[in-house]
1. Quick one: would you say residue 123 is at pLDDT below 95, surrounded by fewer than 20 Cβ atoms within 10 Å (Cβ to Cβ) and in a helix (DSSP H, G or I)?
2. Scan the range 85-110 for residues that are touching a residue at least 24 places away in the same chain (Cβ under 8 Å), within 18 Å of residue 41 (Cβ to Cβ) and under 15 Å from the mean Cα position of the chain (by Cα) and report the count.
3. Of the conditions (1) within 17 Å of the chain's Cα centre (by Cα); (2) within 18 Å of residue 23 (Cβ to Cβ), residue 72 satisfies every one except a single condition; which number is it?
4. Kindly establish whether residue 47 is more than 11 Å from residue 114 (Cα to Cα) and either in contact with a helix residue (DSSP H, G or I) (Cβ under 7 Å, 6 or more places away or on another chain) or free of Cβ contacts under 8 Å to residues at least 60 places away in the same chain (or both).
5. When you go through (1) surrounded by 14 or more Cβ atoms within 10 Å (Cβ to Cβ); (2) at pLDDT 95 or above one by one for residue 144, which number turns out not to apply?
6. Return yes when residue 9 is without any contact (Cβ under 8 Å) to a residue 24 or more places away in the chain and out of contact with any strand residue (DSSP E or B) (no Cβ under 9 Å at 6 or more places or on another chain) and no when it is not.
7. Among 139, 149, which is over 29 Å from residue 11 (Cα atoms), modelled with pLDDT of 90 or more and not in a helix (DSSP H, G or I)?
8. Answer yes or no: is there a residue in the range 115-122 that is under 22 Å from residue 60 (Cβ atoms) and without any contact (Cβ under 8 Å) to a residue 12 or more places away in the chain.
């Protein structure tokens, strides 16, 4: 059996590798070639970068003594999510390769900043509240995309269709995907942390230490 510190190192390496793979899946894999044809694929890229790659990279990163105020993290990540879904900015990213790359980079950076107050910190009741509040703007956006009776992004009205799905149906599916994924990605950890806080035997981080304090 591996010593505890070796096991911890293996888990960190696996998390970091998973994070890097998620970045690859979002921006290089065949999924990336579909983002101009399907809003659902575009949404999947954003979700991979913010809710999969970012927390895994932080879990696998070496200890860093950096501090960011949770309010700053929340506001920045929310601004990035909402901002890039404003039709004018969205269309800019679809028409320009450079801006498209900036968009992806900003989603990853916003994800890293968002998860910073959560990953590897001492348990606090502010963490479930932070995660719950983060679902609200995302839920509003995803509900709008799901139930809006018109196509919000003109790009997809004229995009070459690879699958038998209408632009509006694609938009509805993208909104539903965001709704479900964000709910599980944010409220799942919030529930785990809540149970940890209610357990008298567990007063340390559920993520194995405090690497970012």
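The values are calculated or read from the model by the stated rules, or taken from the named source; none is laboratory data. Predicted model only: the values in this text are computed from it and were never measured. Cβ sites come from the backbone with ideal geometry, for glycine too, and all protein chains shown count toward neighbours.
1. On the way: at pLDDT below 95: yes; surrounded by fewer than 20 Cβ atoms within 10 Å (Cβ to Cβ): yes; in a helix (DSSP H, G or I): no.
No; evaluated as a whole, the condition is false for this residue.
2. 4
3. Of the numbered conditions (1) within 17 Å of the chain's Cα centre (by Cα); (2) within 18 Å of residue 23 (Cβ to Cβ), the odd one out for residue 72 is (2).
4. Working: more than 11 Å from residue 114 (Cα to Cα): yes; either in contact with a helix residue (DSSP H, G or I) (Cβ under 7 Å, 6 or more places away or on another chain) or free of Cβ contacts under 8 Å to residues at least 60 places away in the same chain (or both): yes.
Yes; evaluated as a whole, the condition is true for this residue.
5. So the condition that residue 144 fails would be (1).
6. Values: without any contact (Cβ under 8 Å) to a residue 24 or more places away in the chain: yes; out of contact with any strand residue (DSSP E or B) (no Cβ under 9 Å at 6 or more places or on another chain): yes.
It is true that residue 9 is without any contact (Cβ under 8 Å) to a residue 24 or more places away in the chain and out of contact with any strand residue (DSSP E or B) (no Cβ under 9 Å at 6 or more places or on another chain).
7. Details: 139 fails: not in a helix (DSSP H, G or I).
Step by step, each of 139, 149 is checked, and only 149 is over 29 Å from residue 11 (Cα atoms), modelled with pLDDT of 90 or more and not in a helix (DSSP H, G or I).
8. Applying the first criterion (under 22 Å from residue 60 (Cβ atoms)) to the range 115-122 yields 115-122.
Keeping just the survivors that are without any contact (Cβ under 8 Å) to a residue 12 or more places away in the chain gives none.
Among the residues of the range 115-122, not one is under 22 Å from residue 60 (Cβ atoms) and without any contact (Cβ under 8 Å) to a residue 12 or more places away in the chain, which makes the answer no.
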